[in-house]
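The structure appears right after this line, and notes come after that.
Nothing in this text is a laboratory measurement; each read-out follows from the coordinates by a stated rule. Please read all numbers here as calculations on a predicted model, not as lab measurements. No Cβ is skipped: glycine too gets one built from the backbone with ideal geometry, and neighbour counts run over all protein chains shown.
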């Protein structure tokens, strides 16, 4: 059984909280102020893009530090999540595009894992977090 370090687990799962509030805000519930609903939703979308960009930075660092050979293609792939996040914010249906970005990033990590060694707990944590993010973003995307 793979155990995720507790500090990493708690901080990582805490990153889902703003997205959950954004999901609630996207339903435009009457008992919550309209401005607060909009703020929650917008913040969740921006925060999702920030997390996706952060994952791109993680991949870049993994490539630079852990890869024994410098491969321009893999370095470029590791930069794609950040570029995708920035573009997604500028286009309609940003929630759906960000969800695709999270799935794509997981696939990039799987591909890169053939040449570098990730922490033993990385994929267990990433699969759980990616699943949660994609589900929340897809539901929110239908409401925005």
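Values as computed for the structure displayed
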quantity: Some residue of segment 59-74 being under 14 Å from the mean Cα position of the chain (by Cα) and either surrounded by 14 or more Cβ atoms within 10 Å (Cβ to Cβ) or assigned to a helix (DSSP H, G or I) (or both); calculated: yes
quantity: Number of the exception - residue 135 against (1) farther than 20 Å from residue 9 by Cα; (2) surrounded by fewer than 14 Cβ atoms within 10 Å (Cβ to Cβ); calculated: (1)
quantity: Residue match in segment 107-119 (condition: in a helix (DSSP H, G or I) and more than 25 Å from residue 11 (Cα to Cα)); calculated: yes
quantity: Tabulated pairs, segment 73-101, first within 12 Å of residue 134 (Cα to Cα), second surrounded by fewer than 16 Cβ atoms within 10 Å (Cβ to Cβ), C-beta under 8 angstrom, 6+ apart or interchain; calculated: 95/138; 96/138; 97/87; 97/91; 99/138
quantity: Residues of segment 1-31 satisfying the condition of being part of a loop (DSSP other than H, G, I, E, B) and farther than 17 Å from residue 94 by Cα; calculated: 1, 2, 3, 4, 5, 15, 16, 28, 29, 30, 31
quantity: Pick from segment 92-111, criterion more than 17 Å from residue 19 (Cβ to Cβ) and out of contact with any helix residue (DSSP H, G or I) (no Cβ under 6 Å at 6 or more places or on another chain), ranking: surrounded by the most Cβ atoms within 10 Å (Cβ to Cβ); calculated: 109
quantity: Test: residue 16 is in contact (Cβ under 8 Å) with a residue 60 or more places away in the chain and in contact with a helix residue (DSSP H, G or I) (Cβ under 8 Å, 6 or more places away or on another chain); calculated: yes
